[in-house]
Every structure is written in structure tokens, then in C-alpha cells.
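The values are calculated or read from the model by the stated rules, or taken from the named source; none is laboratory data. Just so we're clear, the structure is a prediction, and the values are computed from it rather than from any experiment. A quick note on method: Cβ atoms are made from the backbone with ideal geometry, for glycine too, and the neighbour counts reach across all protein chains shown.
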Amino acid sequence: MELTVFQVDAFTDRVFAGNPAAVIPLTSWLPDAQLQAIALENNLSETAFFIPLPDDPDHDFHLRWFTPAVEVDLCGHATLATAAVLFRELGWDRDEIRFKAMAGDLLVRRKGDLFELDFPARVPVMSEPPEGFVEALGATPVGFYKAKKNMAVLETEAAVKSVQPDMDFIAHMAGDGLIVTAQGNAEGAESADCVSRYFAPHAGIPEDPVTGSAHCTIVPYWAEKLGKQDLHARQISARGGDLYCTLDGDRVLIAGQAVLYMRGKVHIGDGWSGTY
């Protein structure tokens, strides 16, 4: 069996930045174990698989995401990467793509050179951090919050950039990993309203370069704190990425750019057949 695979750098306008995702179009679902094995072999934070739904009046495609270790219910950068492949490589000629997904109905709209994700808001609730968290984080948060993901708010952008959490501790926390966030620096053309990093060692991702789904929680928090609905967010991992976000009721709109890095073939089940 031969499958086409695209590798796309999401939430960036250049290769070798943003968050790389593999995107594999299918005509029908392969067994889950095979999807997971492909994602493990790709060894990226996410591999997205999708099939068309021609008889579904409410959805265009069914979309699923796998880390090297598990299937996840929501992934931003791989959704953006999938939309970029459909719009730019596979000839999708409408302005909107409707996805059926584990987390519910998702939309992606093309807006100039940006792709805008329409995702559910996951509003954080203030909570007490687990015992030993401050020591494991190596910093004292000004607040600890829970949604599906845990979130620690730090005092400064510099504190977010320098944090080096205990990955074993984070992997064993209840919830879906850890967001660390702070208000962005106020000065300069490159400033952002808020910055973040995201750690998900429980899912085989020690640090995710740019995480769209984390902003389902980051954006409601900072929209309230800063008193503004439109936010420029930056994830300050080593690769880094920019997200242009809007809190719209119980939805979070997350826009970003994407660039194609690689187009290739996946060979399954027929051994080595290449010739030189």
C-alpha cells in the first residue's frame, strides 16, 4: 500500500519554524493500530489523517490526530496543516472546510495568507497546583488553572522562556499536559499580547513547538485579563510560532500561516521495493 504524505510547518511563514505536522489523506480508515504505527514512525508531535464524507451534509471530512504515543481529541497545528494541504495541494475550492472530529465540529476558513481555525473555548478554572508542582516547575506561578490542559501563569515572558520543568512530574499530572504562559513584553514591533510554552510528555511530546489547542484555554484567560477580544499570541519554544486569535463567545478563532516542507510517499506492507 502506498500513501501520500505531506509535511507542513504550521503557525509560521518559513520552513524550519513553527510546528511540523504530517498530513496523510485516506479514502477510508485504516486500522487504528496502523494509524498509530505510522504516527510513531513519522515521529512528529502530530500526524493528521482524514477521509472525505461525500454523503454527510454537515461535514466535508473526518479528521483524526495521532501523536507518536496516542490519539488526541483536538489538535490545532495539524488541523491548520491539513487545511493548507487541502487548499493549496489538493484543489479545495471553497473558502471553508468543515471537519468532523472527536472534539466536535471544526471549521477552517481561508483568509488571505492565513488559515483561521474555529475551535471550542476551554475556559480555565482557578485551582490549587498539585503537591510538588512549584519544585517541579522551578518557578512560582502567580496562578494555576485547569481546563482539559493544566495552565500555570508566570510573572514575565522571561520566566516562561527560561522554565525547565521536571518532565517526569508533568507526565504524571492529571490532565492533558501543562501550559506555561505570561503577558508578552509591551515594547517593540515583535511584541505579543501573551506568550506560552506547552509540555505534553504523557503524550510522547516533551515540548510541543506551537500548540493551537492550548490557545483554546490561553485566549479566554488573557482576553479577560487584558480586556480585549483580539490577541496576538506567540509560543516561544525553540522553533516558535505566531497565532492571531479572537475570543468569539464560546469559540476561539485561531489564525496562522503554514508552509509546505515535504511531499512524499509512505509504503506499508510490501517491504523494500525501491531501485536505483
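Some values worked out for this structure:
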quantity	calculated
Every pair of residues 6+ apart whose Cβ atoms lie under 9 Å, when the first sits in segment 50-72 and is outside the structural domain of Ala200 (by TED's automatic domain parsing) and farther than 14 Å from Trp92 by Cβ while the second is among the β-branched types (Val, Ile, Thr) and assigned to a loop (DSSP other than H, G, I, E, B)	Ile51/Thr27
Total residues in segment 13-41, condition assigned to a loop (DSSP other than H, G, I, E, B), among the aliphatic types (A, V, I, L, M) and over 27 Å from Arg197 (Cα atoms)	2
Hits in segment 64-73 - residues which are out of contact with any Gly (no Cβ under 6 Å at 6 or more places or on another chain), surrounded by fewer than 24 Cβ atoms within 10 Å (Cβ to Cβ) and either part of a strand (DSSP E or B) or not charged (D, E, K, R) (or both)	Arg64, Val70, Glu71, Val72
Of all residues in segment 160-170 being more than 20 Å from the chain's Cα centre (by Cα) and of a type in the set (A, V, I, L, M, F, W, C), the one that is surrounded by the most Cβ atoms within 10 Å (Cβ to Cβ)	Val163
Within segment 88-124, tally of residues that are outside any loop (DSSP other than H, G, I, E, B) and out of contact with any Phe, Trp or Tyr (no Cβ under 6 Å at 6 or more places or on another chain)	18
Lone qualifier among Gly204, Gly177 - being free of Cβ contacts under 8 Å to residues at least 40 places away in the same chain and at positive phi	Gly177
Sole exception among (1) over 17 Å from Val8 (Cβ atoms); (2) modelled with pLDDT of 95 or more for Ala83, by number	(1)
Subset of segment 171-224 that is aromatic (Phe, Trp, Tyr) and assigned to a strand (DSSP E or B) - its residue that is farthest from the chain's Cα centre (by Cα)	Phe199
Gly112, sole failed condition from (1) of a type outside the set (Val, Ile, Thr); (2) closer than 30 Å to Leu260 by Cβ; (3) touching a strand residue (DSSP E or B) at 6+ places or on another chain (Cβ under 8 Å)	(3)
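To keep it simple, each residue is scored yes or no on (1) within 25 Å of Asp248 (Cα to Cα); (2) in contact with a strand residue (DSSP E or B) (Cβ under 6 Å, 6 or more places away or on another chain); (3) surrounded by fewer than 16 Cβ atoms within 10 Å (Cβ to Cβ).
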{"position": "Pro124", "(1), (2), (3)": "yes, yes, no"}
{"position": "Gly138", "(1), (2), (3)": "no, no, yes"}
{"position": "Gly143", "(1), (2), (3)": "yes, yes, yes"}
{"position": "Ala174", "(1), (2), (3)": "no, no, yes"}
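Residues checked against (1) closer than 19 Å to Val72 by Cβ; (2) buried (at least 20 other Cβ atoms within 10 Å of the Cβ):
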residue	(1), (2)
Ala158	no, no
Ile218	yes, yes
Lys225	no, no
Leu247	no, yes
